[in-house]
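Have a look at the structure below, then the notes.
The values are calculated or read from the model by the stated rules, or taken from the named source; none is laboratory data. Computed from a predicted model, the values in this text were never measured in an experiment. Glycine also receives a Cβ, built like all others from the backbone with ideal geometry; neighbour counts cover every protein chain displayed. With ligands, DNA and RNA removed, areas are computed over all heavy atoms of the protein, side chains included. Shrake-Rupley method; radii C 1.70, N 1.55, O 1.52, S 1.80 Å.
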Amino acid sequence: MRLILLGAPGAGKGTVAKMLTAIDGSVQISTGDILRAAVKEGSELGKKAESYMKAGELVPDELIMDIMGERLLEDDCKAGFLLDGFPRTIPQAEALKELLAKLGIELQAAVNLNVPREVILDRLTTRRTCEDCGAIYNVKSNPPKVEGVCDKCGGKVVQRADETEEAISKRLDVFNEQTAPLVGFYEKEGLLLDVNATSSDAVVEAIRKHVGV
Ligand code: AMP
């Protein structure tokens, strides 16, 4: 599959991407995960990105395009890719369009995951993430078997630094201002698939039907 997953923070992009990778070996590419790993490592990229991320703001487009320009050339993308959290601005979407045209790659859809704001807020405040492998948990509906320890890799399960009430509210504002316009962009491109994303299983089914896998 070659898809973009669009949607507010907490809409379920990461969860759906992980479910889709199991279907046909497509790789999940999450710019948020790449940036968090860089921050943890203390790399140059991490140092540049950290303050934006903590504040719930977007990292500058140039940095993101540098990451993605390299990532999409890696071998594992040949099996397909699920873009999770990218693009997030119109300039990123335009740069991606140009990059894919150069590489001769066609997208199958930009899937817009629609979830009511109350559900998003509840999901984000109760979400916990493994620092090492990025596995996603929820303190109410899907806690790890041992509190604070990842079932999959034994890593530390934590609340993300940008999941304080203040940063969440900022991220939702940034989404409405800068990322929501991508729905219109992909509608014009003839690529938009709009789905009700209250249930991740239903989203996966809708995508499978749409792309025929
Ligand atoms: P996420 O895990 O997708 O919610 O991303 C966490 C944070 O990483 C965001 O709030 C941004 O600060 C940064 N980030 C991730 N992807 C992008 C992107 N495509 N453009 C700009 N900033 C991004």
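Observations
- Tensor-based shape of the stretch 102-151 (alpha-carbon gyration tensor, a/c under 1.5 rounded, otherwise prolate or oblate): oblate
- Cα gyration tensor category, rounded, prolate or oblate, for the stretch 132-213 with a/c compared to 1.5: oblate
- In this calculation the C-beta distance from GLU131 to ASP66 is compared with R0 = 25 Å, giving a FRET efficiency of 0.55.
- Overall form of the chain per C-alpha gyration tensor (a/c, 1.5; a/b vs b/c): rounded
- Expected 222 nm ellipticity per residue - DSSP helices of 4 or more, -39500 (n - 2.57), all of the chain, to 500: -14000 deg cm²/dmol
- Surface composition of the stretch 64-213: carbon plus sulfur atoms contribute 49% of the solvent-accessible area (1.4 Å probe, protein chains only, all chains present).
- Partners for LYS152 among lysines (Cα-Cα distance below 22 Å; same-chain residues under 8 apart left out): LYS13, LYS18, LYS40, LYS140
- Computed over the chain: relative contact order in percent, which uses C-alpha pairs under 8 Å that are six or more apart: 31 percent
- Simple spin-label estimate for LYS152 and SER169 gives 3.2 nm between the two label positions (7 Å along the Cα-to-Cβ direction from each Cα).
- Summarising the amide proton neighbourhood of PHE81: residues at separation of 5 or more, or on other chains, whose placed amide H is nearer than 5 Å comprise ARG2, LEU3, VAL27.
- Working from Cα pairs under 8 Å separated by at least six residues, relative contact order for the stretch 57-166 is 17 percent.
- Within a straight-line Cα-Cα reach of under 19 Å, LYS188 can be paired with the following lysines, leaving aside sequence neighbours fewer than 8 residues apart in one chain: LYS97.
- Accessible area (Å², per residue) of the stretch 160-213, counting only protein heavy atoms and a probe of 1.4 Å: 57 Å²
- Per-peptide average of other Cβ atoms within 10 Å, ordering 198-209, 96-107 highest first: 198-209, 96-107
- Extension gain (nm, one decimal) between GLN159 and GLU106, 0.36 nm per residue minus Cα-Cα: 15.5 nm
- Amide H within-cut-off set for ARG128, under 5 Å, with H built and near neighbours excluded: TYR137, ASN138, VAL139
- Accessible area (Å², per residue) of the stretch 70-159, counting only protein heavy atoms and a probe of 1.4 Å: 55 Å²
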